[in-house]
């Protein structure tokens, strides 16, 4: 099986897009990286299609456009990054040179990372709000339940800016929340690696 067949049978465009930092919402829509898109106008699933600039194709086409690679170079990159086995004779003797990300692409990666961390934390807050809600009126409130009540609306507000705000609002948020996002990322990692009791002992504020 050659590299094109192996990749097309294994990787969807959505999987590739998310691996390379493109944020896809629950409706399968994303901000198009191929034109100056302000709101999600690209549908991404097995294939992709932008309703604004009409960019269209499969995972190989997407990666080819995203990194400025020829089709074979894009397929090889996908196979390497996803650990897909294919006929070694199809590999080029020299790895294709990947174009250095532009400043806009570097910013987009930061914005996508910010959105992912805030989304993960928002989901945790909702989980805690249900899981640790007091069962009796006189029961002492769990620290994680308190944190969920205090922060859920604010985190949802930040996510709304990243989804629907102007480019200036999004850039300001990413810059202002950089340190907070780092703290939340560490906090999420601690939660996934430790017990809820330990995690709830000293919530970040």
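The values are calculated or read from the model by the stated rules, or taken from the named source; none is laboratory data. As the structure is a prediction and not an experimental result, all values here were calculated from the model. Neighbour counts are summed over all protein chains in view; Cβ atoms, including those assigned to glycine, are modelled from backbone coordinates with ideal geometry.
Details
- Within region 163-191, the set of residues being surrounded by 13 or more Cβ atoms within 10 Å (Cβ to Cβ) and not in a helix (DSSP H, G or I) comprises 165, 177.
- Members of region 19-33 that are in contact with a helix residue (DSSP H, G or I) (Cβ under 9 Å, 6 or more places away or on another chain) and surrounded by 16 or more Cβ atoms within 10 Å (Cβ to Cβ): 20, 21, 22, 23, 24, 30, 31, 33
- For region 62-73, residues that are crowded, with 16+ Cβ neighbours inside 10 Å and outside any loop (DSSP other than H, G, I, E, B) total 7.
- Selected residue (only one of 79, 52 is more than 19 Å from residue 11 (Cα to Cα) and at pLDDT below 95): 52
- From 121, 107, residue being in contact with a helix residue (DSSP H, G or I) (Cβ under 8 Å, 6 or more places away or on another chain), under 21 Å from residue 19 (Cα atoms), at pLDDT below 90 and part of a helix (DSSP H, G or I): 107
- Among residues of region 2-33, those that are part of a loop (DSSP other than H, G, I, E, B) and either at positive phi or over 17 Å from the mean Cα position of the chain (by Cα) (or both), counted: 3
- Tally of residues being surrounded by 13 or more Cβ atoms within 10 Å (Cβ to Cβ) and at positive phi across region 34-61: 1
- Members of region 37-59 that are over 18 Å from residue 115 (Cα atoms) and either in contact (Cβ under 8 Å) with a residue 12 or more places away in the chain or touching a helix residue (DSSP H, G or I) at 6+ places or on another chain (Cβ under 9 Å) (or both): 43, 45, 46, 47, 48, 50, 52, 53, 55, 57, 58, 59
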